[in-house]
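Input: a single structure, listed below in structure tokens.
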Amino acid sequence: MKKAVLALSILCIHLLSSAQIDCSNGRYFTKLFSATTEAAAEVYGSNKNWETNSTQDLHITKISPMGDASVARPAILLFHGLNGSPNDVKATCVEFAKRGWVAFAVEYRKDGWASEFIQAGASGDYERQYREWQDGLAAVRFVRSNASAYGVLPNRIYIGGFSRGAMTATNAGLLKDENSWDWNPAKLAANYGDKKASSPAALKNTSDAVAGVLSFFGRIIYSDIAGYYADVNHVPYAGIHCQDDNVVPVDCEAGVGCGSRAIYTQFKNNGVEAYGFFPATGGHAASTAMLDSSYVFMARMLGCSAPTAIEKKEEVFLSVFPNPVQDLLKVTVANTTSIELYDVQGKVQMQTKLKFGDNILDVRFLSNGMYFLKVGEQIKRIVKE
């Protein structure tokens with residue numbers, strides 16, 4: 001019953017806001033503009049860089065469709081990967097702008113990597129994500145405060161990114177406030193300031209709410225995806241992530257956190273609007289097909305009738321832990337399904353049906369070595385020790 005009420009509430013909000021969006025002629029997922037305009041970079045906020053021990057100005061660059069008469073457009077903010085810069089996402093911003101969006105390439109602090117700086121006593125990565133979260137929220141406030149000048153709808157600001165930038169976008173889009181951080185939020189705020197810290201005084205009270213999140217091979221630092229889900233804003237989510245990504249896990253890994261597919265599955269199973277494209281191969285890079293899927297997913301968040309064929313690219317969620325395994329293997333799936341476990345000679349060692357959610361397989365009877373777990377078209381390599 002609760003799930004049905006949540007889904008109905010989200011649908012009502014979605015329908016009310018989507019009435020303002022003109023999706024005619026395939027706008028927002030089809031290229032309607034041949035050229036775009038890139039504005040000069042602006043400072044959207046500032047905060048302390050903990051490596052240089054000085055204040056860092058944070059920049060944002062607007063890219064919009066040239067010759068567009070509309071002043072009621074959605075905006076998407078894109079954050080670059082760890083070793084990159086806003087220039088790295090400008091090509092994707094251009095593609096969104098050619099489809100009618102107003103897109104922004106956003107800079108954020110990348111301090112603390114060289115020195116593994118720890119101020120609040122958590123961990124280097126945890127504290128970096130907190131600071132990046134502050135910057136992401138500040139960028140949203142800045143765009144909303146300039147919505148009229150930019151010709152964008154203030155209730156249609158979306159946030160996304162690639163790799164580390166996707167983590168920044170996911171945290172900024174989903175985490176409610178300082179208390180959503182599961183490690184001593186008071187201490188984090190005492191050392192780094194609250195969530196408004198990267199905004200100038202005039203914008204601190206501007207809303208930082210977003211209308212949806214787009215994640216290209218991102219993750220969250222939480223390993224408990226159900227616990228994480230319970231304390232986030234349930235806005236629409238699109239996760240795009242290769243299953244063979246060896247940089248950021250597509251699912252959950254102990255000590256690492258949970259990737260895009262784990263978040264997508266949790267949202268989908270709880271009645272929240274969610275989209276996913278998880279190709280079997282491709283590593284830690286965005287292919288043309290992945291980018292194309294993002295335009296469709298984001299158009300759907302707007303309420304546009306984007307092509308439905310992309311849904312065929314969604315993959316069944318599959319997570320196994322631990323791997324290597326000694327005795328009991330936890331297999332998590334999003335639907336009731338059948339699985340087969342093969343040895344390296346192709347001989348079936350186990351066949352069984354799995355229920356939705358977590359399943360425990362006793363593999364103590366197996367000899368040590370390599371095995372392959374097949375679920376639908378997906379295959380996971382399992383090592384028995």
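A few points about this structure:
- Of residues in segment 312-326 being modelled with pLDDT under 80 and in contact with a strand residue (DSSP E or B) (Cβ under 8 Å, 6 or more places away or on another chain), the one surrounded by the fewest Cβ atoms within 10 Å (Cβ to Cβ): 316
This table checks each residue for (1) of a type in the set (Ser, Thr, Tyr); (2) farther than 20 Å from residue 126 by Cβ; (3) out of contact with any Phe, Trp or Tyr (no Cβ under 9 Å at 6 or more places or on another chain).
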residue: 197; (1), (2), (3): no, no, yes
residue: 201; (1), (2), (3): no, yes, yes
residue: 212; (1), (2), (3): no, yes, no
residue: 231; (1), (2), (3): no, no, yes
residue: 237; (1), (2), (3): yes, yes, no
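- Within segment 364-379, one or more residues are surrounded by 13 or more Cβ atoms within 10 Å (Cβ to Cβ) and of a type in the set (Lys, Arg).
- Residues being within 21 Å of residue 137 (Cα to Cα) and aromatic (Phe, Trp, Tyr) - total across segment 32-54: 2
- Residues that are touching a residue at least 40 places away in the same chain (Cβ under 8 Å) and more than 16 Å from the chain's Cα centre (by Cα), drawn from segment 205-223: 206, 207, 208
- Index of the failed condition, residue 304 passing every other in (1) in a helix (DSSP H, G or I); (2) at pLDDT below 90; (3) touching a Cys at 6+ places or on another chain (Cβ under 6 Å): (1)
- Evaluation of residue 144 against (1) touching a residue at least 60 places away in the same chain (Cβ under 8 Å); (2) within 15 Å of residue 129 (Cα to Cα) (one fails), failing number: (2)
- Here residue 348 does not fit the description of being in contact with a Gly (Cβ under 9 Å, 6 or more places away or on another chain), surrounded by fewer than 16 Cβ atoms within 10 Å (Cβ to Cβ), more than 30 Å from residue 214 (Cβ to Cβ) and at pLDDT 85 or above.
The values are calculated or read from the model by the stated rules, or taken from the named source; none is laboratory data. Small disclaimer: the values here were computed from a predicted structure and weren't measured. Cβ sites come from the backbone with ideal geometry, for glycine too, and all protein chains shown count toward neighbours.
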